[in-house]
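Chemist: Could you have a look at this structure, given as structure tokens, before my questions?
The values are calculated or read from the model by the stated rules, or taken from the named source; none is laboratory data. In this text, all values refer to a predicted model and were calculated from it rather than measured experimentally. Cβ: placed from backbone, ideal geometry, glycine included. Neighbour counts: every protein chain shown. Side chains are part of the model used for accessible areas, which takes the heavy atoms of the whole protein and leaves out ligands, DNA and RNA. Shrake-Rupley method; radii C 1.70, N 1.55, O 1.52, S 1.80 Å.
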Amino acid sequence: MGLADRPYLRSTPGSSGPPRGLPRLRGISVNSWLIIICVSVFVLDVFLPLRWVPAGRWVPYPNVDPSQIARPRLGERVVESTQDVKIPGTNRFQTHVIRQREVTDASGNPIGMALLKPMHFLESWFYFSTDSMIHGWNWWRVITFQFLHDHSIFVHLLFNMMGLWFFGPLVEQHLGGKRYLAFYLLCGICGALMYLLLNVLGMVGVQLFGPEFARMPFLLFNDMNTPLIGASAGVFGVLMAGAYLAPRETVLLFFIIPMRFAVLAYVLVGLSLFSLAFSLRNAGGEAAHLGGAIAGFYFIRRPHHLHGFFDILGRVDPT
């Protein structure tokens, strides 16, 4: 969608001056602040030191039954080793550092080892995972994960920020600044809760009915420590809101293929459903996309439910 095609950038009939909806000279729009924060966090995390965090399930010592351990805890002892791994397509080897941290029971007795993996500093503190909610009750992560992005895949950040840049102003103009921020954050929160729900149902189902249950569609069977990061859930909420506000507006998919806004939004939701149904590579992320899309579909039609989200900041903006 080109700038000239955006309905919120057109002047109202009989008006003079800049088109309605342009950012005020005295401030920056909420949507722009969201983009600035996401990009700033991404860049800052490049320069901060890495942290070693637990990766996946811990491995119990012989004669230790993990099902009998109510609440395993990370101990203090860290074991470090190296492993030479052959570089694919070459005859060269690369040395990898392997770190493991001891796991103890509630009494402090060692019961196994947990593999550690390096993670960017801010990402390691603020990512969302099923385990962090169930065992740690780190409730703030339902918000903070929305401002983190995968450093190994730059398009993860690029596509999310493009989605906000192109479609966010339309929704912000309709809702007003405070309600738009509440809308965006709620869509991200619902994305995290959808991921949490499907992951818990999947893992509980496997424990109750055995490994065959892992073939069930629309459930997540990944490790409960798997991190969830990204603004995609909020962006999907914005897409659904835009499809409701301007369903017939023409957008250019990949800047080439013209299609109606509503068609684009629902096709993307359909692709997320397909990925989740067949447990494709990014099924966990697609679950968050669906949660954000459902929230966006609901709240754009019932914006009065956004009132009170920022009560401590005063009344919300009028539409």
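Chemist: Calculate how steeply helix 232-245 sits against the longest principal axis of the alpha-carbon atoms of the chain, using the helix alpha-carbon long axis, and give the answer as 0 to 90 degrees to the nearest 10.
Modeler: The answer is roughly 20 degrees.
Chemist: If R0 is 30 Å, what FRET efficiency do you get for residue 93 and residue 121 from their C-beta distance, rounded to 0.05?
Modeler: Efficiency, rounded to the nearest 0.05: 0.55.
Chemist: Gain in length, residue 223 to residue 165, computed as 0.36 nm per residue apart minus the alpha-carbon separation, to one decimal in nm?
Modeler: Contour length minus Cα-Cα distance gives 17.5 nm.
Chemist: Taking Cα atoms, how many degrees apart are the long axis of helix 261-277 and the longest axis of the chain, rounded to 10 and kept between 0 and 90?
Modeler: 10 degrees
Chemist: Tell me, what is the FRET efficiency for residue 274 and residue 64 to the nearest 0.05, using R0 = 41 angstrom and their Cβ-Cβ distance as r?
Modeler: Between residue 274 and residue 64 the formula returns 0.50.
Chemist: Also, I was wondering about something else. Would you please state which residues of segment 76-109 a label at residue 57 would reach in this model, taking the label point 7 Å out along Cα→Cβ and a backbone N cut-off of under 19 Å?
Modeler: Within reach of a label on residue 57, which here means backbone N under 19 Å from a point 7 Å along Cα→Cβ, segment 76-109 contributes 100-105.
Chemist: Using alpha carbons only, how many angstrom separate the centre of segment 278-309 from the centre of segment 43-114?
Modeler: Centre-to-centre distance over Cα atoms comes out at 34 Å.
Chemist: Mind checking the per residue accessible area of the chain for me, 1.4 Å probe, whole number of Å²?
Modeler: Accessible surface, normalised per residue, equals 57 Å².
Chemist: On a 0 to 90° scale, report how tilted helix 283-299 is relative to the longest principal axis of the chain, with both axes built from alpha carbons and the result rounded to the nearest 10.
Modeler: Computed tilt is about 30 degrees.
Chemist: How far apart, in nm, are the 7 Å Cα→Cβ label points at residue 152 and residue 208?
Modeler: So the two model labels end up 3.4 nm from each other.
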